[in-house]
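Rule-based calculations on the coordinates, nothing more; no lab input. This is a predicted model, so every value here is computed, not measured. Here the Cβ positions follow ideal geometry from the backbone for every residue, glycine too, while neighbour counts run over all protein chains shown.
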Amino acid sequence: MIKGGCFCGNVRFQIEPGDYTAANCHCSMCRRVHAAPYVSWLVVPKEKFAYQKDATKTLQSSDTGARYFCPDCGTHIACDNEKHPEIIDITIGSLDDPAPFAPTLEVFTDTRLDWVAHED
């Protein structure tokens with residue numbers, strides 16, 4: 001199993017092994033919510049993902065999207081959207097071992113910060 005959780009350990013989850021898309025998102029919403037220049041996500045079918053410990057708090061970040069984070073330490077864990085209800089995006093940084101999940105896709109590059117390095 002692929003395992004992960006928040007900084008304080010109160011939220012834990014697991015993902016069934018599989019070949020998942022990993023992407024860097026440069027949208028302004030991800031930047032603001034995570035206070036980072038971009039966020040790296042693992043795109044997982046919802047049926048392959050399960051929380052193991054405690055519950056996240058929900059932030060309704062748009063009309064169709066929600067983000068999930070630890071209510072104690074604030075670590076952002078996941079994001080989903082009604083436009084693609086079959087998947088949940090998991091922050092790669094919340095995985096116990098993020099090394100195998102190098103992003104291969106860049107999304108919302110039209111709002112990427114000019115000083116973020118990239119290849120065209």
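Out of the residues in the range 12-34 that are basic (Lys, Arg) and out of contact with any strand residue (DSSP E or B) (no Cβ under 6 Å at 6 or more places or on another chain), state the one that is surrounded by the fewest Cβ atoms within 10 Å (Cβ to Cβ).
Here the answer is 32.
State the number of residues belonging to the range 90-119 that are closer than 22 Å to residue 74 by Cα and either charged (D, E, K, R) or loosely packed, with under 11 Cβ neighbours inside 10 Å (or both).
Looking only at that region, the number is 2.
Could you please find all residues in the range 57-114 being over 18 Å from residue 46 (Cα atoms) and basic (Lys, Arg)?
112
Here's the yes/no breakdown for (1) among the hydrophobic types (A, V, I, L, M, F, W, C); (2) more than 26 Å from residue 115 (Cβ to Cβ); (3) under 12 Å from the mean Cα position of the chain (by Cα):
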{"position": "9", "(1), (2), (3)": "no, yes, no"}
{"position": "12", "(1), (2), (3)": "no, yes, no"}
{"position": "25", "(1), (2), (3)": "yes, no, yes"}
{"position": "38", "(1), (2), (3)": "no, no, yes"}
{"position": "41", "(1), (2), (3)": "yes, no, yes"}
{"position": "46", "(1), (2), (3)": "no, yes, no"}
{"position": "51", "(1), (2), (3)": "no, yes, no"}
{"position": "57", "(1), (2), (3)": "no, yes, no"}
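What number of residues within the range 40-70 are touching a residue at least 60 places away in the same chain (Cβ under 8 Å), under 15 Å from residue 10 (Cβ atoms) and touching a strand residue (DSSP E or B) at 6+ places or on another chain (Cβ under 6 Å)?
Of the residues in the range 40-70, 1 are touching a residue at least 60 places away in the same chain (Cβ under 8 Å), under 15 Å from residue 10 (Cβ atoms) and touching a strand residue (DSSP E or B) at 6+ places or on another chain (Cβ under 6 Å).
Considering (1) touching a residue at least 40 places away in the same chain (Cβ under 8 Å); (2) surrounded by 12 or more Cβ atoms within 10 Å (Cβ to Cβ); (3) within 23 Å of residue 3 (Cβ to Cβ), say which one residue 37 fails and leave the rest.
Here residue 37 clears every test but (3).
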